[in-house]
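In what follows, a single structure is set out as structure tokens and then discussed.
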Amino acid sequence: MSRLSALAAGLVLCASSAAHAEPVSGDSMLDYLNQNAGQYASLADTIWDKAELGYQETESSALLQQALKTEGFAIETGVADIPTAFVASYGKGGPVIGLLAEFDALPGISQSAKPERDELADKHAGHACGHHLFGAGSTAAAVAIKRWLAANDIPGTVRLYGTPAEEGGSGKVYMVRAGLFDDVDAVLVWHPADRNAADPATSLANKSAKFRFYGQSSHAAVAPERGRSALDGVEAMNFMVNMMREHVPQESRIHYVITSGGSAPNVVPDFAEVFYYVRHPKAEELQKIWGRVMAAAEGAAQGTGTRMEAEVIHGNHSMLPNETLASAMHQRLEQVGGVTYSAAERAFADKITTSLNLSQDLSGQEAKVLPMEFIQGMGSTDVGDVSWQVPTVEMRAATWVPGTAPHSWQAIAAGGMSIGHKGMMVAAKTLALTAADLYQNPQLLKAAEEEFEQRRGKDFHYEALLGDRAPPLDYRR
């Protein structure tokens, strides 16, 4: 029986009782979150300080699991062959509402919780995308929902997915591929940002690979004719791909970094590596562009007398929007409202703002909720794969000073102090209240499912863009 058929059958069974049941208020969830905001801020700060990279988030994952275990959640660890991935569940039967919790940091950037550039010499990673807040905030919401379900004897299951390595590791894709979302009715997600919004948004599909070229080393001056430069292979590939940019759809994005190019100019490099990302709104178009990039790599190897190996590192589908869920979440976000700065936070924010070089004054935007609108995002996320498996909605909360870009030192700074904490709690409250609506309104879930099936299309068949490879647990090493 399909999820939609099962839900419809459940509707028939509960329709008469649901029609006469008074909705249970979510005020108790808000009370819990207000009273325990400090606890979850401390949890977020601890993860912020650890700043563990993708698939290496051992301590961060354990902290979230412990917080959930203490509250009576059943924890399944090491799911989808990923040591730091987990699934925490409470309740029984349906509907099953899922929340996602990320907790990986970004390499190559660090910052203290100060409003001026203050790189930390002993740290080489930082939460420049706010995933410490993401993980702690979703955990707070899951616990609030669990307590509400138990206190009111409401049927259903709340499930929190601990999802590692969002930043280029596609942790959620392996969890989708393992079937961990097959019985979920809806997934509620949030992400740190500089504004508050709940939009039916999409994103770019994304695929990456490391292209490794193998040549023959030799003395670059005495015997250059004996050498075959692996770096020449990388540069030839890059040259051809850069010419290709003129002849791909304008929504496409292609970026690369040379991760290894040799050690000394007088030694012909026998190994070189380039790491590519390719993006497009549609997965089928992305695959076409990807084939051309692969052809360029193969041609570069042939032309330089080298050997090439390509290892696909990750692949994410675009986000499949769901206006039904977005509308429900937007209403709850408006109820919760935005972030109100204290005098000290305003001074912090004003100092951050001076470093942003903004063309307009955005002060005060943190306190507002943006009107709901369809958004074509230019980033990519492995939440996309989840959204093609189960109706999914994602909101943003103002954990950063308005105008702050993700992956910046300013994002790390605000995310490590009370501005980040306040935005995190806006998200936790909104997620919890939206979940309460879904548990009590089967017609809302049914409408979300129907929209989901219509947008996917009747002939849709999910295939992971990263193929059948195992999780790249060492991709950050």
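The values are calculated or read from the model by the stated rules, or taken from the named source; none is laboratory data. Model, not experiment: these values are computed from the prediction. Positions of Cβ are backbone-derived with ideal geometry, glycine not excepted, and every protein chain shown enters the neighbour counts. Quick note on the areas: whole protein, heavy atoms, side chains included, nothing else; ligands and nucleic acids left out. Shrake-Rupley method; radii C 1.70, N 1.55, O 1.52, S 1.80 Å.
Computed per residue of the chain from DSSP H runs no shorter than four, each worth -39500 (n - 2.57), the mean residue ellipticity at 222 nm is -13500 deg cm²/dmol. Applying 1/(1 + (r/R0)^6) with r as the Cβ-Cβ distance of ALA220 and ASP474 and R0 = 35 angstrom yields a FRET efficiency of 0.65. For segment 206-306, chymotrypsin sites (Phe, Trp or Tyr not before Pro) meeting the loop criterion (DSSP other than H, G, I, E, B) and having at most 10 other Cβ atoms within 10 Å: none. Straight-line reach from LYS458: taking Cα to Cα under 20 Å and skipping same-chain neighbours fewer than 8 places apart, the lysines in range are LYS282, LYS446.
Multiplying the residue separation of THR46 and ASN34 by 0.36 nm and removing their Cα-Cα distance gives an extension gain of 2.3 nm. The convex hull drawn around the Cα atoms of segment 204-304, when projected onto a plane and averaged over every direction, covers 6.1 nm². Placing dummy labels 7 Å off each Cα toward the beta-carbon, the span from ALA344 to ARG307 is 6.1 nm. Computing FRET efficiency as 1/(1 + (r/R0)^6) for LYS368 and ALA121, where r is the C-beta to C-beta distance and R0 is 45 Å, gives about 0.75. Here the calculated FRET efficiency for ASP459 and ALA295, from their Cβ-Cβ distance with R0 = 35 Å, stands at 0.75, rounded to the nearest 0.05.
In the calculated pair-distance distribution of the chain, the portion above 35 angstrom amounts to 34 percent of the Cα-Cα pairs. In summary, the lysines within cross-link reach of LYS422, defined as a Cα separation below 29 angstrom excluding same-chain residues under 8 places away, comprise LYS50, LYS69, LYS114, LYS123, LYS146, LYS172, LYS351, LYS368. Using only the Cα atoms of segment 319-401, each taken as one equal point scatterer with no solvent, compute I(q) by the Debye sum, divide by I(0), and report log10 of the ratio at q = 0.20, 0.23 Å⁻¹. So the normalised log intensities are -1.01, -1.13.
Surface composition of segment 315-465: carbon plus sulfur atoms contribute 49% of the solvent-accessible area (1.4 Å probe, protein chains only, all chains present).
Amide hydrogen proximity for VAL267: with H placed 1.01 Å from N in the peptide plane, the residues at 5 or more positions away or on another chain lying under 5 Å are ALA220. Both radii were evaluated on the Cα set of segment 91-153; the Rg over Rh quotient, with Rh as the Kirkwood radius, amounts to 1.22. Scanning the chain for DSSP H helices at least 15 Å long along the axis (C-alpha atoms) with a Kyte-Doolittle mean no lower than 1.0 picks out 3-20. Its alpha carbons considered, segment 83-232 gives a radius of gyration followed by a Dmax of 22.6, 82 Å.
The peptide list 331-340, 73-82, 229-238, 395-404, put in order of mean Cβ contacts within 10 Å with the highest first, becomes 395-404, 229-238, 331-340, 73-82. Extension gain for the segment SER263 to GLU59, taken as residue separation times 0.36 nm less the Cα-Cα distance, is 69.9 nm to one decimal. Taking only alpha carbon atoms, segment 381-477 gives an Rg to Rh ratio of 1.07, where Rh is the Kirkwood radius.
Excluding ligands, DNA and RNA, the accessible surface per residue across the chain is 41 Å² with a 1.4 Å probe.
DSSP beta bridges confined to segment 96-245 are antiparallel in about 25 percent of cases. Annotation: segment 52-144 has a Kirkwood hydrodynamic radius of 14.6 angstrom, from the mean reciprocal C-alpha pair distance.
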